[in-house]
1. Hey, does segment 157-178 have a residue that's among the polar types (S, T, N, Q), within 24 Å of residue 4 (Cα to Cα) and touching a Gly at 6+ places or on another chain (Cβ under 9 Å)?
2. Tally time: how many residues in segment 358-388 are closer than 23 Å to residue 454 by Cβ and assigned to a loop (DSSP other than H, G, I, E, B)?
3. Since residue 333 meets every condition but one in (1) within 25 Å of residue 215 (Cα to Cα); (2) in a loop (DSSP other than H, G, I, E, B), which condition does it not meet?
4. Among the residues of segment 167-200, how many are among the acidic types (Asp, Glu), more than 20 Å from residue 279 (Cβ to Cβ) and within 16 Å of the ligand (Cβ to nearest atom)?
5. Tell me, which helices (runs of 4 or more DSSP H) lie completely within segment 63-166 with 3 or more residues that are more than 16 Å from the ligand (Cβ to nearest atom) and either over 30 Å from residue 302 (Cβ atoms) or of a type outside the set (A, V, I, L, M) (or both)?
6. Among the candidates 282, 271, single out the residue that is of a type in the set (Ser, Thr, Tyr) and over 22 Å from the mean Cα position of the chain (by Cα).
7. When you look at residue 80, is it surrounded by fewer than 17 Cβ atoms within 10 Å (Cβ to Cβ) and in contact (Cβ under 8 Å) with a residue 40 or more places away in the chain, yes or no?
8. Modelled with pLDDT under 95 and either in contact with a helix residue (DSSP H, G or I) (Cβ under 7 Å, 6 or more places away or on another chain) or more than 16 Å from the ligand (Cβ to nearest atom) (or both): does that describe residue 25?
Amino acid sequence: MGRAEIRRFQQAAEEVVSFLKPRLGGDTRAKIISHTDADGIAGAAILARCLYTYNVSFNVKFTRPLKPDEVAELGKEGHDLFVFIDQGSGQIEAIHKFILSQKRDVVVIDHHPGEFPEHPNLAYLNPHACGLNGAKDVSASGAVYSIVEHIDRSFRPLVGLAVAGAIGDRQEFFSGFTGVNDTLVKRAIDLGFLRVGEGLKLIGRTLSPVVECLRLTTRPYISGISGNPSACRSLVDTLGLSPSSTLVELGSEAERRLRDALFARVGSLATSEEFCHTLWGTTYSLATEDLVGPRDLREYVAVLDACRDLQKSELGFAVAVGDRTAQTEALALLNSSQEQMLEALGWLVSHLDTFKLTPSLRYIYFGSAVNSAMVGEVLSLAMESGLVTTDRPIVGIADAGAEELKISARSTPGLAMLGINVGRALARAAGIVGGKGGGHDVAAAARIPRERMNEFLAKLDQVLSGGDR
Ligand SMILES: [Mn+2]
């Protein structure tokens with residue numbers, strides 16, 4: 001991956017601009033179909049602000065990637081232009097069959113792998129078609145931004161949304177950003193729309209009093225601090241900090257002292273690279289009045305994620321397009337989602353001794369103590385917080401109705417490099433017991449019949465050990 005691929009991506013973006021521009025006037029009726037997550041919300045908002053500027057009437061639908069029969073239904077709606085964001089590459093066959101065949105225009109702006117067949121009514125932008133890696137180098141919102149900044153320079157203040165989408169899709173690594181993301185961040189800083197600093201990466205650093213910020217932290221979850229208001233209060237008092245100030249108000253010297261005090265408390269965890277980088281590192285703050293919502297980009301993403309988790313992506317979208325009244329409600333959602341996650345991790349921490357070890361995995365049964373939709377994120381946070389050893393994949397099992405179990409699995413890039421792929425393993429083991437599963441090499445999920453749990457776990461262990469590849 002290098003300069004040439006990024007240039008190819010920019011050229012591909014300009015081709016989409018040439019396709020879109022003639023459709024930005026007159027009476028085009030557009031439909032945006034985007035993903036429910038932070039990246040999908042941010043991408044839809046960037047495009048919506050562009051369409052709004054050109055008086056193009058549009059409506060937006062947030063959904064998981066559509067199934068073929070849903071694309072068929074969509075094709076019956078009376079729009080002239082369909083824009084798929086953060087999806088579409090995997091549905092291109094259905095899009096051809098049910099939308100392009102009716103001579104409607106389609107734009108696909110996606111970063112998932114797929115097929116890219118040509119059609120005169122189709123334009124697309126996808127990093128995979130340009131030699132880039134869509135899992136790392138750019139997210140869907142970065143791709144949408146790359147298009148609208150070529151339509152008009154006045155959209156440049158929206159670059160913060162592109163970076164937010166990348167952070168939401170976990171495309172920020174300990175070493176920073178790569179590919180198009182890296183270019184976007186540098187440009188955003190040069191143009192003065194984004195400021196970078198160094199500090200505690202805690203959600204709440206600009207929003208909540210420091211005591212509350214510490215109490216609510218789940219990324220990382222800090223044993224003895226998270227969920228323990230009196231311990232947070234006494235730590236802050238010991239350091240002589242004002243408990244009602246936010247971290248940013250306290251300033252970087254105080255943040256450093258707090259960091260060192262937290263490291264001193266967590267013992268050997270302080271030597272864990274994962275934990276250290278989760279707690280401390282680069283901070284990104286928005287420096288433009290064109291966007292409302294939290295100034296800290298991780299908090300901004302946390303707001304959008306909370307909206308997604310509570311099935312209110314439209315509310316996150318309202319914030320991202322600049323609706324100040326939506327902000328208050330969205331911040332309340334963030335708060336309740338943080339409380340839920342804190343409770344879920346608290347449960348996990350008090351049940352760490354119930355993890356079972358097999359030759360190729362670690363697993364834990366949550367029952368109905370944790371909402372099955374949250375289990376994957378709980379496992380990710382447990383790994384980032386150094387709560388579980390990551391020498392093998394971890395698996396969480398939760399009740400999902402009377403008949404079914406939801407399985408979530410998480411692994412590490414290091415294990416993926418050794419050829420361990422939990423997405424493939426879950427798909428295979430679930431298939432054998434009459435369930436269904438899949439995902440990426442480091443994150444995956446499945447649903448299986450409840451009575452076949454033991455059989456599934458044995459199969460999964462066997463597949464992961466390479467005994468059944
Ligand atoms: Mn995405």
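1. Scanning segment 157-178 turns up at least one residue that is among the polar types (S, T, N, Q), within 24 Å of residue 4 (Cα to Cα) and touching a Gly at 6+ places or on another chain (Cβ under 9 Å).
2. Looking only at that region, the number is 8.
3. (2)
4. So the answer is 1.
5. Helices (runs of 4 or more DSSP H) meeting the threshold: 68-75, 92-98.
6. The conditions single out 271.
7. Yes: the conditions hold for residue 80.
8. When the stated conditions are applied, residue 25 passes them.
The values are calculated or read from the model by the stated rules, or taken from the named source; none is laboratory data. Remember, it's a predicted structure, so these values are computed and weren't measured experimentally. Cβ sites come from the backbone with ideal geometry, for glycine too, and all protein chains shown count toward neighbours. When the accessible area is computed, the model is the full protein with side chains, heavy atoms only, and any ligands, DNA or RNA have been set aside. Shrake-Rupley method; radii C 1.70, N 1.55, O 1.52, S 1.80 Å.
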